[in-house]
Amino acid sequence: MPGVKRAAAWAGGLSCIALGGLLMVIASMIAFGTGLDEGTAPDRAADAVVTDFVRIRSGGGPVGSRSAPRVTYEVEGLRYTSRLRGTPEGRTLRVGDTLRVVHRADEPGRPFPRHYAEKRPPGVADRILAVGLCVFFGAVPLVFAWLLVSFARKNTQDTKVRPI
């Protein structure tokens with residue numbers, strides 16, 4: 001049975017090292033802004049009409065079903081019909097309502113409500129908090145991994161035959 005405990009301790013320790021390492025990588029990505037593209041904000045606007053609603057989650061459970069408005073609008077003479085993204089206000093819209101949508105110049109088929117473009121990106125305090133939480137939750141599995149690996153190594157040394 002000591003072999004099973006030792007193997008479990010090694011497996012748990014290595015898993016915790018992987019989890020802690022992953023969280024540390026995420027923390028460094030947040031800290032250094034890797035993957036953040038400042039040019040992704042919607043920069044074009046259009047007037048759209050709500051044509052119908054699309055079910056984005058089926059019913060059941062405590063949350064129930066959820067739907068999003070589908071809007072039709074024109075950009076440079078081309079007509080687009082797409083689901084409106086990034087909005088909780090879709091529940092208040094009705095078929096036939098008009099609203100102002102924004103989109104990126106290179107993706108005119110992905111509309112967002114106007115208030116989406118006005119949202120500020122996370123500030124410095126938010127990034128510091130996110131990095132701190134990732135480092136903390138990355139350090140916890142690493143400490144736990146150290147304890148598990150120490151236990152496994154101790155059991156390995158105890159099972160060796162020593163001469164008298």
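All of the numbers you see were taken from the coordinates with simple rules; none came from a lab. Quantities reported herein were computed from a predicted structural model and do not represent experimental measurements.
Distances between placed amide hydrogens fall under 5 Å for Val54 paired with Ala68, Arg70, all partners being 5 or more residues away or on another chain. Per-residue 3J(HN,Hα) values for the range 22-29, derived from phi via the Karplus relation 6.51 cos²θ - 1.76 cosθ + 1.60 with θ = phi - 60°, read 4, 5, 5, 5, 4, 4, 5, 5 Hz in sequence order (x marks Gly and Pro).
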